[in-house]
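> Pasting in a structure now, in structure tokens, and then I'll have a few things to ask.
The values are calculated or read from the model by the stated rules, or taken from the named source; none is laboratory data. All values derive from a computational prediction rather than experimental measurement. Cβ placement follows ideal geometry from the backbone for every residue including glycine, while neighbour counts extend to all protein chains displayed. Calculation scope for accessible area: heavy atoms of the full protein, side chains included, ligands and nucleic acids excluded. Shrake-Rupley method; radii C 1.70, N 1.55, O 1.52, S 1.80 Å.
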Amino acid sequence: MNRQPAVAGSFYPANPEQLHLMLDQFLSDAASGEKAPKAIIAPHAGYIYSGPIAASAYARLKKAHDKITRVVLIGPSHRVAFRGLAVSRSETFTTPLGSVPVDQAAVQTIVQLPFVEYIEQAHTYEHSLEVHLPFLQEMLDSFEIVPIVAGDASPEQVSQVLDALWGGDETLIVISSDLSHYHDYATAQQMDKSTSQAIEQLQYERLAPESACGKVPVSGLLKLARKKSLSITTIDLRNSGDTAGDKASVVGYGAYVIE
């Protein structure tokens with residue numbers, strides 16, 4: 001089985017050359033940083049809106065392009081309601097830049113957990129994982145993914161899965177989330193600043209569904225970071241009013257790293 005792209009041509013260019021050029025521009029405009037992160041939180045909107053913010057996190061993978069060989073990718077479900085976490089039987093996930101193999105052994109490991117199951121329809125049209133793949137393909141040499149869509153799951157459940165797959169320098173954790181949705185520019189800035197403070201303080205209990213659409217996976221990462229005594233840093237915080245949208249009704253985007 002191969003998971004075909006669902007939002008190529010809408011969220012990002014379907015033409016490989018155009019996609020490569022767009023990514024290259026975003027990434028060259030972003031600082032690469034001294035150290036590659038262990039985990040990132042990055043947005044998943046259309047590239048013209050959130051691409052520059054996502055690139056601020058992905059540009060930091062430059063020094064680990066040949067070291068990271070597995071990416072654990074967790075994003076929220078936008079189309080299908082279910083409890084727990086959903087994995088896929090697909091062997092590859094395809095984008096216009098090519099196919100990415102799925103780490104079947106890792107999927108087998110976590111599907112033993114009572115709250116993880118195969119739910120193909122949770123993956124078929126979900127954009128929250130897909131939009132990250134071209135960034136990863138642009139930055140990393142050769143890697144496998146562990147694609148997970150989060151439904152109604154607890155911070156403890158997400159944290160348990162992340163802990164099981166944490167690994168060493170070969171494993172990158174990517175949490176997919178946008179921030180506030182459809183407020184005016186000033187309100188969004190205020191809300192997103194407050195959300196970022198909660199994220200930096202690892203206070204996942206302070207996050208509400210309206211704080212971040214990826215509240216479920218974000219909370220799981222923060223819970224585990226607290227347990228492991230790790231710190232998380234905000235490296236970019238903007239909204240669609242700063243990139244390609246008007247300021248009357250915006251969506252917030254943040255990029256965060258655990259190094």
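> When only residues in segment 207-259 that are of a type in the set (A, V, I, L, M, F, W, C) and assigned to a helix (DSSP H, G or I) count, which is most open to solvent (accessible area, probe 1.4 Å)? Walk me through it before giving the result.
Of all residues in segment 207-259, those of a type in the set (A, V, I, L, M, F, W, C) come to 207-208, 212-213, 216, 218, 221-222, 224-225, 230, 232, 235, 237, 244, 248, 250-251, 255, 257-258.
The next check asks that each one be assigned to a helix (DSSP H, G or I); those that pass are 216, 218, 221-222, 224-225.
Details: 216: 37, 218: 2, 221: 1, 222: 0, 224: 1, 225: 1 Å².
My answer is 216.
> Residue 194: out of contact with any strand residue (DSSP E or B) (no Cβ under 8 Å at 6 or more places or on another chain), in a helix (DSSP H, G or I) and without any contact (Cβ under 8 Å) to a residue 40 or more places away in the chain, yes or no?
Judged against the criteria, residue 194 is a match.
> Scan segment 167-177 for residues that are open to solvent by 10 Å² or more (accessible area, probe 1.4 Å) and in contact (Cβ under 8 Å) with a residue 12 or more places away in the chain and jot them down.
Matches in segment 167-177: 167, 169, 170.
> Is it the case that residue 83 is more than 22 Å from residue 5 (Cβ to Cβ), in contact (Cβ under 8 Å) with a residue 60 or more places away in the chain and either of a type in the set (Asp, Glu) or buried (at least 22 other Cβ atoms within 10 Å of the Cβ) (or both)? First the steps, then the outcome.
Values: more than 22 Å from residue 5 (Cβ to Cβ): yes; in contact (Cβ under 8 Å) with a residue 60 or more places away in the chain: yes; either of a type in the set (Asp, Glu) or buried (at least 22 other Cβ atoms within 10 Å of the Cβ) (or both): no.
No: the conditions fail for residue 83.
Here is a yes/no grid of residues against (1) over 23 Å from residue 58 (Cβ atoms); (2) charged (D, E, K, R); (3) in contact with an Asp or Glu (Cβ under 6 Å, 6 or more places away or on another chain):
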{"position": "174", "(1), (2), (3)": "no, no, no"}
{"position": "180", "(1), (2), (3)": "no, no, yes"}
{"position": "194", "(1), (2), (3)": "yes, no, no"}
{"position": "210", "(1), (2), (3)": "yes, yes, no"}
{"position": "219", "(1), (2), (3)": "no, no, no"}
{"position": "230", "(1), (2), (3)": "no, no, no"}
{"position": "233", "(1), (2), (3)": "no, no, no"}
{"position": "249", "(1), (2), (3)": "yes, no, no"}
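> How do the pairs read when you match residues in segment 234-245 that are farther than 13 Å from residue 185 by Cα and free of Cβ contacts under 8 Å to residues at least 60 places away in the same chain with residues anywhere that are small (Gly, Ala, Ser) and not in a strand (DSSP E or B), using Cβ under 7 Å and keeping only pairs 6 or more apart or on different chains?
Short answer, once both residue conditions are applied: 234/196.
> Follow-up question, since we're still on this one. Just one of (1) touching a residue at least 40 places away in the same chain (Cβ under 8 Å); (2) farther than 24 Å from residue 51 by Cβ; (3) in contact with a strand residue (DSSP E or B) (Cβ under 8 Å, 6 or more places away or on another chain) trips up residue 128, so point out which.
Condition not satisfied by residue 128: (2).
> Go through the residues of segment 27-37 one by one and say whether even a single one is touching a Pro at 6+ places or on another chain (Cβ under 8 Å), modelled with pLDDT of 95 or more and aliphatic (A, V, I, L, M).
no
For every residue, the table says whether it meets (1) part of a loop (DSSP other than H, G, I, E, B); (2) open to solvent by 10 Å² or more (accessible area, probe 1.4 Å).
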| residue | (1), (2) |
| --- | --- |
| 22 | no, yes |
| 50 | no, no |
| 58 | no, no |
| 63 | no, yes |
| 78 | yes, yes |
| 100 | no, no |
| 107 | no, no |
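> Any residue in segment 99-122 that's under 20 Å from residue 137 (Cα atoms): show its pairings with residues that are surrounded by fewer than 14 Cβ atoms within 10 Å (Cβ to Cβ) at Cβ separation under 8 Å, as long as the two are six or more apart or on different chains.
99/2; 101/91; 102/91; 104/91
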